[in-house]
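Asks: Below you will find the structure I want to go over with you.
The values are calculated or read from the model by the stated rules, or taken from the named source; none is laboratory data. In this text, all values refer to a predicted model and were calculated from it rather than measured experimentally. Because the Cβ atoms are built from the backbone with ideal geometry, glycine has one as well, and the counts that use them run over all protein chains shown. In case anyone asks, the SASA skips ligands and DNA or RNA and just uses the protein heavy atoms, side chains included. Shrake-Rupley method; radii C 1.70, N 1.55, O 1.52, S 1.80 Å.
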Amino acid sequence: MKALPLLFENNRKWAFQISQNDPHFFAKLVRQQNPEYLWIGCSDSRVPANQIIGLLPGELFVHRNVANLVIHTDMNCLSVLQYAVEILKIKHIIVCGHYGCGGVRAAMESQPHGLIDNWLRHIRDIHQRRSVELARFPLEERINRLCELNVIEQVKNVGSTTIVQEAWQRGQRVTVHGWIYAISDGLLKDMNACISSMADLGKLEKR
Ligand code: CO
């Protein structure tokens with residue numbers, strides 16, 4: 001007997017439903033993927049990338065980790081980014097954070113959480129750099145503001161990679177967007193941190 005039978009049952013229903021709507025759907029996907037978007041989001045189970053922006057399999061290339069971080073030495077994230085930009089010729093890279101992010105919250109706590117504190121250190125660094133601004137908010141609002149600031153920092157990090165900078169240098173159109181998602185109502189907010197050139201990156205760095 002298969003383990004987790006409910007999930008296999010769900011899978012059969014899902015595949016059947018898609019084939020009902022479009023009998024050639026899976027056959028087309030086998031031949032190629034041609035997504036226009038790369039999603040860099042949080043691993044949080046409440047932020048399912050494809051569903052919240054209504055995209056089908058094949059339409060969104062996805063990388064997720066705790067607190068949607070883009071770290072300059074993270075070969076996993078950089079490999080996804082390189083494949084997306086250089087091979088798939090993705091046009092838009094969306095960094096999407098979310099309010100109430102557990103990673104951001106943990107980064108603000110004083111008690112230790114083990115290994116992950118090394119990962120979350122990147123968020124603590126942002127917190128430290130913006131401590132004067134953040135101190136004005138009560139705790140819950142401070143977490144949410146840090147979630148927003150984290151998105152903007154990660155947009156800058158994407159724009160600072162060799163991958164995106166080389167793409168811009170050779171004239172490839174790649175735009176990086178910073179969004180934040182509210183679990184409370186399912187809606188996205190644009191952080192107005194859109195960059196598609198070195199000049200845009202320079203302007204965002206000053207923000
Ligand atoms: Co999160």
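Asks: Go through Met191, Met108, Met198, Met75 and list them by solvent-accessible area, largest first, probe radius 1.4 Å.
Replies: Ranked from most to least accessible, the order is Met75, Met198, Met108, Met191.
Asks: Mind jotting down the distance between the C-alpha centroids of the stretch 47-85 and the stretch 102-126, whole Å?
Replies: First find each Cα centre; the distance between them is then 21 Å.
Asks: Sticking with this one: Let me check I have the definition right: for the stretch 132-207, take the eigenvalues of the Cα gyration tensor, multiply each by 5, take square roots. What are those semi-axes in whole Å, largest first?
Replies: 27, 15, 8
Asks: Given points 7 Å out from each Cα along the Cα-Cβ axis, report the Glu9 to Thr175 separation in nanometres with one decimal.
Replies: 4.5 nm
Asks: Nearest 0.05, what FRET efficiency do Ile53 and Gln33 give at R0 = 22 Å with Cβ-Cβ as r?
Replies: After rounding, the FRET efficiency stands at 0.85.
Asks: Per q in 0.11 Å⁻¹, report the Debye log10 I(q)/I(0) for the chain, using one uniform scatterer on each alpha carbon and no solvent.
Replies: Log10 of I(q)/I(0), two decimals: -0.59.
Asks: Let me have the relative contact order for the chain, percent, based on Cα pairs under 8 Å that are six or more residues apart.
Replies: Averaging sequence separation for qualifying contacts and normalising by length gives 19 percent for the chain.
Asks: Can you list the residues, at least 5 places off or on another chain, whose amide H is less than 5 Å from the amide H of Cys194, using H built in the peptide plane?
Replies: Counting only residues 5 or more places away or on other chains, the set is Gly178.
Asks: Ser110 accessible area, nearest 10 Å², 1.4 Å probe?
Replies: The accessible area of Ser110 comes to roughly 110 Å².
Asks: While we're looking at this one, here's another question. Under a 5 Å amide H to amide H cut-off, with H placed in plane at 1.01 Å, what residues pair with Arg64 once short-range neighbours are removed?
Replies: The answer is Gly41.
Asks: Hey, can you grab everything whose amide H is under 5 Å from the amide H of Ile93? Only 5+ residues off in sequence or another chain; H modelled, so Pro and N-termini drop out.
Replies: Those lying under 5 Å, H to H, from Ile93 are Leu38, Thr175, Val176, His177.
Asks: Okay, moving on. Can you give the angle from 0 to 90° between the axis of helix 5-21 and the longest principal axis of the chain, with both taken from C-alpha atoms, to the nearest 10?
Replies: Compared with the principal axis, the helix lies near 70 degrees.
Asks: Does anyone have the angle between helix 139-160 and the longest principal axis of the chain? Alpha-carbon axes, 0 to 90°, nearest 10?
Replies: For helix 139-160, the angle is close to 70 degrees.
Asks: Could you sort out which of Lys28/Lys189; Lys89/Lys206; Lys156/Lys189 sit more than 26 Å apart by Cα distance in this structure?
Replies: Pairs exceeding 26 Å: Lys28/Lys189; Lys89/Lys206.
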